[in-house]
Amino acid sequence: MREQVRKEQQQEASEEADERECFSASLPKPAPPAGRLEFVNGGWCMSDEAATHYSAVIDQMTIGLRFLNETFGACGRPRVAWHIDPFGHAREHASMFAQMGFDGFFFGRLDYQDRARRMRDKEQELLWRASDSLTPPMADLFTGILPNGYNPPEGFCWDQLCSDPPIRDDPDLEDYNVDDVVGRFLVIANSQSTVYKTNHIIMTMGSDFQYENANLWYKNLDKLIHYVNAQQANGSKVNVLYSTPSCYLQELHRANLTWPLKTDDFFPYADDAHDFWTGYFTSRPALKRYERISNSNLQTCNQLEVLGGLTSRKGPFGEAMAVAQHHDAVSGTEKQHVANDYARKLANGWQHCQVLVSNSLAALSGLSAERIYCDNLNVSVCHLTESSKKFSVNVYNPLARPVTWPVRLPVNGTAYSVSDASGKAITLDNVFALKVVHVSQATHEVRRQRGFAVNELVFQVQAPPLGYTTYTVALIQDGPPPAPAQQRAPTVIQNKFLQVTFDHETGLISSLNNLETKQSIKLTQNFYWYNASDGNNVASRQPSGAYIFRPNSSTPVIISQTAKTEIIKTSVVQEVRQWFAPWVSQVVRLYADSRALELEWTVGPVPIDDSVGKEVITRLDTSIKTAEYFYTDSNGREVLQRKKDFRPTWNLKQSEPIAGNYYPINSRAYIKDDVDQLTVVTDRSQGGGSIQNGSLEIMLHRRLLHDDFRGVGEPLNEISGIFPDGLVVRGRLLLTLDPPQTAADTHRPLAEGMVLQPLLTFTDGDLKPNTQLEFSGLLAALPPAVHLLTLSQWDEDSVLLRLEHQYQSSESKVSSQPVTVNLQKLFSTLEVLGVAELNLSANQWKDEMKRFDWTPEKGEKPLLKTFEDPSTWEVTLRPMEIRTFLLKVNLR
């Protein structure tokens, strides 16, 4: 199989391994490949590192690198990761790049205090150990910090929009300037050499929107190289040549030095004392959520293409998702019309994919009836369920384990019967008719006349792994809506796992109890907003904007000391609906079988009639003794420890006590002491911090009135046709309380389920006889520690499979153990005929992936990791390991 795929990908047999040919472009090299053209990074885009989920990053890199492989062959394969513009750098990105086979990584932005310290100590080039769990050097990545970001040295910009004078080398002209240019360049080169470790330095030549007139650049660079090198006859030691990032990296490797070791990340990023780029962790929260939902839908689409056969083309969804990972896309740092275009591309891609999903489900179930997609269920809108007297709900589960999931359907009846795939009716308290709850006033307002349901039918479904199940719903009773909920502050809601107590006077949560472990903490949750700086500040003229978070005060404004409440209790769900202000409301919700407390928040339109921009947060204040520590995830995978007013690699001089303590939260964050751990699972990427001991705050929404002068050119003030008075955003947080030793066994599956949610499709009327109402694509569920990360069609008879161990090495006594999976006994609809292992980005055979090895300071050179024979059916996954396989398959 491997030889066949090699032939199909047109990979060259004589592939360069450890050494690349590097030479000056002034020396001709007639035989291709000459090495004058080099691709760096090679993803579909240069992704953001704060707001992206690792699964989407892997996908977008795979798309781009596959294109290069198929277009240019092995000689076009990038060897260097290149993130010159993202605004802070995540450790998980470095880990992924290492596993994709990159020799090194270069970036341009890091905190100004960090840079100053690294320049002084010659540590702008380092070895990044990007995993606590993977055996070195598996996640080790040589990392270089560029001297000028991605710009040329000052005074050496030669594009048509640049103002620097060209090199004029006619000595008979008055404006002859060779001596001046050469002198200035030598000063810069010698100065730069004092802050790097070897006698090789890199200079970037170019910037945004440059090489519009490449002739100007190369004409002047040719002269610069010539005249600077001519000074060697006068004793100069500076030699200038055209080069590439991998050639530079090769020379650093040849130097055979030891390099400083880094194990944390590069967040948050600041370019001045009051300019922290931490606002974009939350900017455009609706787009951030839509990107996350789109990722879930794309994985479902990819899986069903494999499981249901080649029934339809996917269309452009993969590329739309890939470009949405750009550092000015999901980050929220683009202009409004550009953000709208990203969303439009995602919506268009999903419409194409719906055809494939419908066709695949039809092939698997034998039911060819029209399938309806209700994409606005979060605001209780679905025209079919609102009007139909009988319909079916197909629940597809993209996870490789069974899930229990709450379904909330907008309806106008007051009692319904619900039957599962076996025909068995769901009963509650021995009653077959499921009653409904009324739609909240907040939902009525946020859906803006898009739906007309007055009630919601709530029941829990159980879906098989990597498969679907079907529920049939029939109207039993029309009539008046349910009785109004109790209009008083509740005392307690609880299920068999959790108990939540409310303060009778304020209507706010006052405590959270784990009934299984007998844990209890004081917990108060409320909503606040920071006054966004408008730039009229004594300390700095920097305003808050799409990139930068800069509050005018360290004390946020509380929106309300109390909440108006109503309480609803059924056998399926207990919920307290809280109203804080006309623009802030929340539902505190406990489902019967859930180990997590759900907080469904609705914020907006954020009022600005007082001419003040606002940064809206929710804050959880607890009795947990945190000692200024808290924890956040990195791109949805490994968790990093954070400490208030502290950086692991330099002595921080804190100048922004709030913004300077904000970090990206991609899927979860927690605070803990020796006894209790409170974990918050988010439904999108958000910014947050622990400003006070025992406290965790998360920024939910931003509405600003000024640009922050970082390139957007407009305020972050979102409106739309549906929300002309300002954007309304709804989201969910899941809270768990566990002992720290076992917390991961709860929050890991919750975070995984938040990213890959069941897809609901609907059909009207009765189902035809012999419809297959339940299906699983797996012969058995995968072990709890194993996540099926990727299942997608690669070509006509092969599929791409990624399996990952989703626990860190020390997270769980049970789940952090190695797990073995038999690939041949995995799928119910696929016969696996052959297997070959690839690197993480699927652009190289795993056993042929060779990387430079680097030696850290104060440590031995690590041994190269040995992998199992990729031809075996039994594969073992160790903590945090992702393994990628190309499977040759037949449909059973």
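FYI, it's all coordinate maths here, none of it is from the lab. Keep in mind that this is a model prediction, so the values were computed, not measured. With ideal geometry, Cβ positions are generated from the backbone for all residues, glycine too; neighbour counts draw on all protein chains shown.
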Loop sites in the range 135-243: chymotrypsin sites (Phe, Trp or Tyr not before Pro), DSSP, at most 12 other Cβ within 10 Å: Phe209
Per DSSP, the loop-located trypsin sites (Lys or Arg not before Pro) within the range 590-686 having at most 15 other beta carbons within 10 Å are Lys625, Lys653
Cβ-based charge dipole, the chain, positive-most Cα from Asn177, Tyr280, Leu127: Tyr280
Between helix 336-365 and the chain, what is the angle of the helix's C-alpha long axis to the longest principal axis, kept within 0 to 90° and rounded to the nearest 10? 60 degrees
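Starting with the fewest neighbours, write out Cys157, Cys353 ranked by other beta-carbon atoms found within 10 Å of each beta-carbon. Before the final figure, lay out each step's value.
Numbers: Cys157 19, Cys353 26.
So the residues, fewest neighbours to most, are Cys157, Cys353.
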Rounded to the nearest 20 debye, dipole of the range 786-891 from Cβ charges on Lys, Arg, Asp, Glu: 340 debye
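Kirkwood Rh, Cα Rg: Rg to Rh for the range 501-607?
Values: Rg = 17.8 Å, Rh = 16.3 Å.
Taking Rg over the Kirkwood Rh, I get 1.09.
For the range 443-554, just say rounded, prolate or oblate: build the C-alpha gyration tensor, square-root its eigenvalues into a ≥ b ≥ c, call rounded for a/c under 1.5, and beyond that prolate if a/b exceeds b/c, oblate if not.
Working: a/c = 1.98, a/b = 1.57, b/c = 1.26.
Verdict is prolate for the range 443-554.
Rounded if a/c is under 1.5, else prolate if a/b is larger than b/c, else oblate: which is the range 492-755, with a ≥ b ≥ c the root eigenvalues of its Cα gyration tensor?
Working: a/c = 1.89, a/b = 1.31, b/c = 1.44.
Judged from the Cα gyration tensor, the range 492-755 comes out oblate (a/c at least 1.5, b/c at or above a/b).
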Once amide hydrogens are built 1.01 Å from N within the peptide plane, the residues lying 5 or more places from Trp277 or on another chain with amide H under 5 Å from its amide H are Tyr269, Ala270, Asp271
Taking H as built 1.01 Å from N, whose amide H comes closer than 5 Å to the amide H of His701, not counting residues under 5 places away? Val616
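Once the mean 1/r over all distinct Cα pairs of the range 67-140 is inverted, what Kirkwood radius in angstroms do you read off?
Values: mean 1/r = 0.0721 Å⁻¹.
Value: 13.9 Å, from the Cα pair sum.
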Given Cβ charges of +1 for Lys and Arg and -1 for Asp and Glu, the option among Pro245, Pro153, Thr71 whose Cα lies farthest towards the positive end of the dipole of the chain is Thr71
Net charge near Phe276: determine it from the other residues with C-beta under 10 Å of the C-beta of Phe276, scoring Lys and Arg +1 and Asp and Glu -1. -4
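Any idea what the alpha-carbon Rg over 2.2 N^0.38 Å comes to for the range 691-809? If you can, show how the numbers build up before the last one.
On the way: Rg = 22.3 Å, N = 119, 2.2 N^0.38 = 13.5 Å.
For the range 691-809, the normalised Cα radius of gyration is 1.65.
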From the Cα trace of the range 612-733, what convex hull volume per residue do you get, rounded to a whole Å³? 148 Å³
Once you mark the GluC sites (Glu not before Pro) that are in a DSSP loop and have at most 13 other Cβ atoms within 10 Å, what is the longest gap between them in the chain? 517-795
Under 5 Å between amide hydrogens, which residues at least 5 positions from Ser792 or on another chain qualify, with H placed 1.01 Å from N in the peptide plane? Leu800
Rounded to two decimal places and with Rh computed the Kirkwood way over Cα pairs, what is Rg over Rh for the range 547-599? 1.15
Contact order relative to length for the chain, counting C-alpha pairs under 8 Å separated by 6 or more residues, stands in percent at 15 percent
Which of the aspartates and glutamates could be linked to Lys850 by a straight reach, that is with a Cα gap under 14 Å, when you skip same-chain ones fewer than 8 residues away? Glu15, Glu16, Asp18, Glu19, Asp103, Asp140
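Dipole size in debye (nearest 20) for the chain around its Cα centre, Lys and Arg Cβ +1, Asp and Glu Cβ -1?
Working: 87 positive and 106 negative charges, 429 e Å.
Taking the Cα centre of the chain as origin, the dipole is about 2060 debye.
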Relative contact order (percent, whole number), the range 786-891, Cα cutoff 8 Å, 6+ residue spacing: 44 percent
Output ³J(HN,Hα) for the range 756-770: one whole-Hz value per residue in order, computed from phi by the Karplus curve 6.51 cos²θ - 1.76 cosθ + 1.60 with θ = phi - 60°, and x for Gly and Pro. 10, 9, x, 9, 9, 10, 10, 10, 8, x, 6, 7, 6, x, 6
Would you calculate, for the chain, the mean residue ellipticity at 222 nm contributed by helices, counting each DSSP H stretch of 4 or more residues as -39,500 (n - 2.57) and dividing by all residues, to the nearest 500? -6000 deg cm²/dmol
Convex hull volume of the range 174-302 per residue (C-alpha atoms, cubic angstrom): 263 Å³
For the pair Ala539 and Gln561, the simple spin-label estimate (label points 7 Å beyond Cα toward Cβ) gives in nm 2.9 nm
Stokes-Einstein diffusion coefficient of the chain, Kirkwood radius over Cα pairs, 10 °C, 1.306 mPa s, in µm²/s: 54 µm²/s
P(r) tail for the range 786-891, what percent of Cα pairs lie past 25 Å? 29 percent
Phi angles of the range 679-691, converted by Karplus (6.51 cos²θ - 1.76 cosθ + 1.60, θ = phi - 60°) into ³J(HN,Hα) in whole Hz with x for Gly and Pro, give 10, 10, 9, 9, 9, 6, 6, 9, x, x, x, 10, 7
Karplus-derived 3J(HN,Hα), 6.51/-1.76/1.60, for each residue of the range 448-465, Hz, glycine and proline x: 6, 6, 7, x, 10, 5, 9, 10, 10, 8, 10, 8, 9, 10, 10, 10, x, x
Once you charge only the Cβ atoms, +1 for Lys and Arg and -1 for Asp and Glu, what is the size of the charge dipole of the range 492-755 about its Cα centre, to the nearest 20 debye? 340 debye
